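The values are calculated or read from the model by the stated rules, or taken from the named source; none is laboratory data. Just so it is clear, the structure is predicted and the values come from calculations on it, not from any experiment. We place every Cβ from the backbone using ideal geometry, glycine too, and count neighbours over all the protein chains shown.
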Amino acid sequence: MLNSNVLRKLDMQDLMVFVAVYEQNSVSGVSEALCVSQSTVSYCLKKLRAGFEDELFINTRTGMRPTYKADSMYPHVLKILDSINLCHASASAFDPSMQPTVFNLCAPEYFEQLVLPHLLKRFARFEHAVTVNVHRLETDIPAQALRDGSLDLAIGFGPDFHRRHADFNVHTLLQDDFVCVFDRRAAPSQPRLGLQTFIERRHVFPTPWTSTSNMVDGWLAQQALQRQIVARANSYGAALKMISGTDFLLTLPRRIQQLLADENAFERCEAPDGLPGFTLDMQWRQGTDQDSANTWLREQVIAACAQA
């Protein structure tokens, strides 16, 4: 917020006039340098003096002498103009329509199923020549690959499912929870599965990322409980096929269930009370904050998640 409403009337030209007068000590020289009339320069000075409540420049025989306040303002005004130039440069530096671009992401199948299709449709709609290579997420975020630039982004789960790194930024993309999925002919009648029934059923466990632990079994272990897993699948789609024609239980993220589980073949019921939900988080190295291509990619991922 501005300290005074008078400051709202100032614009970039006023600040450019301030810098030019300070550096050239001459109104006429400023007029020529900025390609404006002397009356325009005088008007800008009038606005500056009113806005900052100071004479700023005193007309002497040797030129326009800056006041103490103008001396103190000068480096700050330079920074304002530099910041504006940086904003403009960042906005225009990366143009995905100008040349083919390849981005490398590390992400679980959850991202590939739910978000990536929307992301690719955005690229196709605007005719962006962008290729996205998705590398399989393993137990932890590939920190070194993010640091050396071989990966642009890492997509993982939270909160606090993967180890945090002080030099990474984290943005939560979306939230989800779990539901229990059955073959329609073997589904229980109750709308929510009790914990005892949950652990007594035989489970198929999808492992859409490489990890020795998972959210469901971690939650059960906290209660000194475990479930019987009869098969582990490499994908959500394969897991759904495994429970077809059986009484096996498949615990899926709700958004994945809505996307992949045909309601004519499968039935859903709510997971036991207390089973926590999770977030999908995006991580990137702090040094890439000012990289216009990386910034653009993150913006596109966030927009795609809004459609998921």
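Values computed for the structure shown
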{"quantity": "Subset of region 173-213 that is modelled with pLDDT under 95 and in a strand (DSSP E or B) - its residue that is nearest to ALA238 (Cα to Cα)", "calculated": "PRO206"}
{"quantity": "Residue within region 146-162 that is of a type outside the set (S, T, N, Q), farther than 21 Å from ILE256 by Cα, assigned to a helix (DSSP H, G or I) and under 35 Å from the mean Cα position of the chain (by Cα) present", "calculated": "yes"}
{"quantity": "Residue list for region 260-271, filter: surrounded by fewer than 18 Cβ atoms within 10 Å (Cβ to Cβ) and not hydrophobic (A, V, I, L, M, F, W, C)", "calculated": "ASP262, GLU263, ASN264, GLU267, GLU270"}
{"quantity": "Candidates GLN283, GLN257, GLN290, GLN222 - the one that is surrounded by fewer than 16 Cβ atoms within 10 Å (Cβ to Cβ) and either touching a Gly at 6+ places or on another chain (Cβ under 9 Å) or outside the structural domain of CYS106 (by TED's automatic domain parsing) (or both)", "calculated": "GLN222"}
{"quantity": "Members of region 30-48 found to be surrounded by 15 or more Cβ atoms within 10 Å (Cβ to Cβ) and under 19 Å from THR67 (Cα atoms), listed by number", "calculated": "VAL30, VAL41, TYR43, CYS44, LEU45, LYS47, LEU48"}
{"quantity": "Test result for TYR43, in a helix (DSSP H, G or I), aromatic (Phe, Trp, Tyr) and without any contact (Cβ under 8 Å) to a residue 12 or more places away in the chain", "calculated": "yes"}
{"quantity": "Qualifying residue in region 240-252 (condition: surrounded by 13 or more Cβ atoms within 10 Å (Cβ to Cβ), within 25 Å of the chain's Cα centre (by Cα) and either within 22 Å of GLN175 (Cα to Cα) or modelled with pLDDT of 95 or more (or both))", "calculated": "yes"}
{"quantity": "Single residue of LEU10, LEU15 found to be in the same structural domain as PRO66 (by TED's automatic domain parsing), modelled with pLDDT under 90, of a type in the set (A, V, I, L, M, F, W, C) and under 42 Å from the mean Cα position of the chain (by Cα)", "calculated": "LEU10"}
{"quantity": "Residue satisfying all of: in region 49-65; in a loop (DSSP other than H, G, I, E, B) and either at pLDDT 90 or above or in contact with a helix residue (DSSP H, G or I) (Cβ under 6 Å, 6 or more places away or on another chain) (or both); surrounded by the most Cβ atoms within 10 Å (Cβ to Cβ) among these", "calculated": "LEU56"}
{"quantity": "Residue match in region 110-133 (condition: in contact with a strand residue (DSSP E or B) (Cβ under 7 Å, 6 or more places away or on another chain), in contact (Cβ under 8 Å) with a residue 12 or more places away in the chain and either closer than 24 Å to PRO272 by Cβ or assigned by TED's automatic domain parsing to the domain that holds LEU260 (or both))", "calculated": "yes"}
{"quantity": "Tally of residues being small (Gly, Ala, Ser) and in contact with a strand residue (DSSP E or B) (Cβ under 7 Å, 6 or more places away or on another chain) across region 221-245", "calculated": "6"}
{"quantity": "Pair list, Cβ under 8 Å, 6 or more apart: region 12-25 residue on the phi > 0 side of the Ramachandran plot and touching a residue at least 40 places away in the same chain (Cβ under 8 Å), other residue of a type in the set (A, V, I, L, M, F, W, C) and crowded, with 17+ Cβ neighbours inside 10 Å", "calculated": "ASN25/MET64"}
{"quantity": "Filter result for the condition that a residue is over 30 Å from GLN290 (Cβ atoms) and of a type in the set (A, V, I, L, M, F, W, C), over ALA70, ALA20", "calculated": "ALA70"}
{"quantity": "So ILE199, is it in contact with a Gly (Cβ under 6 Å, 6 or more places away or on another chain) and surrounded by 16 or more Cβ atoms within 10 Å (Cβ to Cβ)", "calculated": "no"}
{"quantity": "Residues satisfying the stated conditions in region 175-190, i.e. aliphatic (A, V, I, L, M) and out of contact with any Ser or Thr (no Cβ under 7 Å at 6 or more places or on another chain)", "calculated": "VAL179, VAL181, ALA187"}
